[in-house]
Amino acid sequence: MTSISKTSRRLIRPLVLLLVALPWVVLPLWLLLVNSAKPLSEASSLSLSLPAKWALGDNYSTVLGEGHYGRALTNSLLVIVPTLVVVVVLGSMAAWAYARSSSLPMKIAYSLTVLSILLPPAILPTVYELQTLHIDGSRLGYFLVMTGTRIGTVVFLATGFIKALPRDLEEAALTDGANRLQVYRIIILPLLVPVLLVGCVILIISTWNDFFFASFLLQGSERATLPLALYQFASASTDVSAMRWNLIFAHIVLTSLPLILLYLLVQRRVIGGLSEGGIKG
């Protein structure tokens with residue numbers, strides 16, 4: 001009887017998850033994919049049925065051309081890659097300093113850094129400061145804002161991880177004549193790889209999908225990232241009845257595709273990093 005109840009519980013849990021995921025995940029995803037392959041006359045009805053006439057190639061080729069997908073993808077990468085490198089390096093260094101210090105000023109600095117995760121974005125002071133520095137509307141200004149608003153995530157994740165690490169390896173390396181930078185590069189950074197990988201995924205998703213800062217800080221379609229280019233493409237027609245839903249859906253698929261492929265490549269490492277971080281904590 002006990003084995004039957006255990007078996008039923010194992011079956012019920014996936015069934016409940018499936019029932020929850022079906023209306024909130026599966027159906028919207030199916031609606032997105034199937035309508036991106038329809039001609040405009042069919043896609044406008046927003047139905048879940050398969051296309052009577054397939055227009056997959058025409059829709060996606062139109063988005064790649066008229067939607068300036070390649071340019072927007074390049075702009076997104078020009079922001080995400082340097083942001084990721086700077087945030088991971090500086091954030092992990094700062095986390096090491098915060099974790100190994102017990103002074104009050106460092107505790108205050110850590111709290112202020114982590115508060116960037118919770119505090120709402122102060123867009124008006126940010127725009128004014130960038131205008132003062134004459135870098136408003138540029139990729140450089142947008143990169144600096146993304147770096148400043150995202151570094152708290154890495155600091156928060158890495159600080160708790162480092163606090164759980166013993167100091168023996170660091171002290172032994174310092175005794176052998178290594179400097180602080182060498183200790184960080186040879187000992188701390190390799191140990192932080194699992195948790196930094198998790199932080200990288202969070203950073204990539206939040207930066208890739210950012211629309212709020214991009215709409216204020218990037219000027220002109222030449223600098224538009226993928227979310228901004230999608231908005232500009234979708235809002236080209238102010239009349240809702242005249243919106244090209246098949247092309248909009250295709251643009252959404254292409255915008256999301258790099259993130260999906262990235263997650264499929266690193267999902268095992270991400271799950272491993274979460275598990276290892278939980279054990280260390």
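The values are calculated or read from the model by the stated rules, or taken from the named source; none is laboratory data. Note that the structure is predicted; figures quoted are calculated from it, not measured. Heads up, the Cβs are rebuilt from the backbone with ideal geometry, glycines too, and the neighbour counts pull from every protein chain shown. These area figures cover heavy atoms from the full protein model, side chains too; ligands, DNA and RNA do not enter into them. Shrake-Rupley method; radii C 1.70, N 1.55, O 1.52, S 1.80 Å.
Observations, loosely collected:
- Working value for the range 1-152: equivalent-ellipsoid semi-axes of 42, 33, 13 Å, each the square root of 5 times a Cα gyration tensor eigenvalue, largest first.
- Around the Cα centre of the range 62-277, unit charges on the Cβ atoms of Lys, Arg, Asp and Glu (plus for the first two, minus for the last two) sum to a dipole of about 240 debye.
- Stretching residue 41 away from residue 66 to a fully extended chain increases their span by 7.1 nm, per 0.36 nm per residue minus the current alpha-carbon distance.
- 222, 170, reordered so the largest accessible area comes first (probe 1.4 Å): 222, 170
- Modelled spin-label separation between residue 139 and residue 10, with each label point placed 7 Å from Cα along the Cα-to-Cβ direction: 5.2 nm.
- The largest accessible area among 38, 53 belongs to the first residue in 53, 38, and the rest follow in falling order (1.4 Å probe, all chains).
- Placing dummy labels 7 Å off each Cα toward the beta-carbon, the span from residue 265 to residue 180 is 3.5 nm.
- Between the residues 64, 263, 75, the greatest Cα displacement towards the positive end of the dipole of the chain, with unit charges on the Cβ of Lys, Arg, Asp and Glu, is found for 263.
- For the residues 96, 54, 24, 245, a 1.4 Å probe over the protein chains yields an accessible-area ranking, largest first, of 24, 54, 245, 96.
- In the chain, the longest principal axis of the Cα atoms and the axis of helix 56-66 are about 70 degrees apart.
- Each label was represented as a point 7 Å from its Cα along the Cα-to-Cβ direction; for residue 131 and residue 18 these points are 5.7 nm apart.
- Once the chain from residue 116 to residue 100 is taken as fully extended at 0.36 nm per residue, the excess over their C-alpha distance is 3.6 nm.
- Rolling a 1.4 Å probe over the heavy atoms of the protein chains gives the chain an accessible area of 59 Å² per residue.
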